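Take a look at the structure set out below.
The values are calculated or read from the model by the stated rules, or taken from the named source; none is laboratory data. Bear in mind that the values here come from a model prediction, so they are computed numbers and not experimental data. Quick reminder, even Gly has a Cβ in these numbers, built from the backbone with ideal geometry, and neighbours come from all protein chains shown.
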Amino acid sequence: MSQDVYITGIEMLKFGRYPDRGPPQLGAEAALGALDEAGIAIADIQAMYAGSVFQSMIGQRILQQIGQTGIQVVNITNACATGAACVREGWIAIRSGEYDTVLCVGVEQTTGMGLLGGAKTGPIPTDGLLGSATMPSVFGEAGIEYAAKTGATIEDFAQVAVKNHHHSTMNPKAYLQKETPLDVVLNAEVIAWPVTKLMCSVNVDGAAACVLMSERKVKELGLMGQAIRIRGTALASDPWQERDPTMPDVNTVTRLAADKAYAMSGVEPGDIDLCELHDCFAPIELPHYENLRLCEDGAGVELLRSGATELGGRIPVNVSGGLLSKGHPIAATGIANLYELSLHLRGKAGDRQVAGAKIGMAHVVGLGTCSAVHILEKA
């Protein structure tokens with residue numbers, strides 16, 4: 001009989017620059033933090049799911065730092081959804097009944113790499129090319145497409161950055177932690193119009209890890225008081241569309257994952273108390289309000305303008321500071337989002353605490369590959 005799966009320990013390193021440490025060391029520190037919070041040791045872990053986009057065999061290399069016990073290790077690369085995919089695979093392994101306790105880790109070292117997602121060299125595709133293959137360009141194009149449909153303005157996109165940078169000033173584990181007034185965001189260097197530098201996520205190093213347990217194990221160890229239930233989990237890939245060869249669709253894959261997560265959880269969009277979504281570039285936050293069903297189609301810009309997505313609003317979004325301020329070490333981001341939700345659901349988020357938070361949603365998307373959505377609930 002399948003059982004509910006819970007997060008009993010979770011840790012995130014402060015995102016930043018670690019030139020004197022490698023991904024195995026960063027991942028090991030996050031893993032040990034998660035194990036400590038769960039009150040267990042590496043010898044208690046039955047399987048490990050580890051993720052990195054730029055490192056191979058990262059799980060085994062982390063275990064070399066904290067203890068090699070002969071367990072199954074699965075290494076995952078799934079673009080920006082890598083960490084979230086690790087958690088989903090761990091959830092599946094426990095639900096299957098094979099394991100009671102698993103460890104999930106995501107780690108990345110991206111500083112010094114320059115612009116991620118740059119265009120590949122080679123001939124122009126015969127089926128056409130629109131804009132650029134760099135990520136700022138793709139999401140800038142998506143912002144303009146959204147603006148044409150809804151009346152959103154460049155000032156609205158900049159306001160997303162203002163909001164998330166403000167939230168980060170209350171998060172000691174965020175990289176930037178600084179206010180960016182609207183005029184500062186708008187007048188920053190243009191990276192790919194209309195995206196300015198302060199509308200871009202930050203390349204940083206980081207790691208995050210969590211311990212997952214079956215309900216039976218949680219009760220056996222007396223951990224229900226700190227446990228966070230994974231009420232819904234979904235992973236989706238892009239369906240083919242005629243537009244794909246010339247302009248990627250940044251919306252459909254998230255809608256598929258969100259709808260699956262809602263159906264599994266039995267939760268309605270109106271039940272969500274806070275959301276950590278994939279604001280890799282500021283313009284995309286607005287359509288993701290709609291993609292995650294936090295508002296009706298076309299109403300994302302009004303949701304932002306109303307203040308509903310600010311701390312203290314009806315549905316606070318990216319209270320951590322989001323990728324724009326917290327930083328985006330690719331494989332760590334999915335678990336870091338779950339870390340933020342867990343803090344709020346436990347009432348331990350400090351100055352940025354969302355009052356009365358009971359249910360949270362986490363979302364990541366790897367463009368052209370997949371999207372993952374998790375719905376968490378305090379046990």
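Residues are listed down the side, and each one gets a yes or a no for (1) within 16 Å of MET213 (Cβ to Cβ); (2) among the polar types (S, T, N, Q); (3) surrounded by 24 or more Cβ atoms within 10 Å (Cβ to Cβ):
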| residue | (1), (2), (3) |
| --- | --- |
| GLN68 | no, yes, no |
| ILE71 | yes, no, no |
| GLY83 | no, no, yes |
| ILE92 | yes, no, no |
| SER96 | yes, yes, no |
| ASP100 | yes, no, no |
| LEU103 | yes, no, yes |
| THR111 | no, yes, no |
Exercise. Taking interchain pairs and intrachain pairs at least six residues apart, which have beta carbon atoms under 7 angstrom, with the first residue in region 190-201 and under 9 Å from PHE281 (Cα atoms) and the second among the aromatic types (Phe, Trp, Tyr) and assigned to a strand (DSSP E or B)?
Worked result: VAL195/PHE281; MET199/PHE281; CYS200/PHE281; SER201/PHE281
Seminar exercise, completed: Over region 253-307, the set of residues over 28 Å from ASN78 (Cα atoms) and either small (Gly, Ala, Ser) or modelled with pLDDT under 95 (or both) is GLY270, GLY298, ALA299, SER306, GLY307
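Listed here are the residues, each with its yes/no results for (1) small (Gly, Ala, Ser); (2) more than 21 Å from VAL160 (Cα to Cα); (3) assigned to a helix (DSSP H, G or I).
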| position | (1), (2), (3) |
| --- | --- |
| GLU310 | no, no, no |
| ARG314 | no, no, no |
| SER320 | yes, no, no |
| LEU324 | no, no, yes |
| LEU341 | no, no, yes |
| LYS348 | no, yes, no |
| GLY356 | yes, yes, no |
| ALA372 | yes, yes, no |
| GLU377 | no, yes, no |
Problem set entry | Evaluation of ILE7 against (1) over 25 Å from ASP238 (Cβ atoms); (2) surrounded by fewer than 23 Cβ atoms within 10 Å (Cβ to Cβ) (one fails), failing number | (2)
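Specify the residue that is surrounded by the most Cβ atoms within 10 Å (Cβ to Cβ); the eligible residues are those in region 309-353 that are of a type in the set (Ser, Thr, Tyr) and under 19 Å from ALA282 (Cα atoms). Talk me through it step by step, then tell me what you get.
Restricting attention to region 309-353, the residues satisfying the condition of being of a type in the set (Ser, Thr, Tyr) are 309, 320, 325, 333, 339, 342.
Now narrow it down to the ones that are under 19 Å from ALA282 (Cα atoms): 309, 320, 325, 333.
Values: THR309: 27, SER320: 28, SER325: 28, THR333: 31.
Once the filter is applied, the top-ranked residue is THR333.
Which of the strands (runs of 3 or more DSSP E) contained wholly in region 163-241 include at least 1 residues that are buried (at least 22 other Cβ atoms within 10 Å of the Cβ)?
On the way: elements: 190-192, 205-214, 228-237.
Fully inside region 163-241 and qualifying: 205-214, 228-237.
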Problem set entry | Check on GLU242, in contact (Cβ under 8 Å) with a residue 12 or more places away in the chain and acidic (Asp, Glu) | no
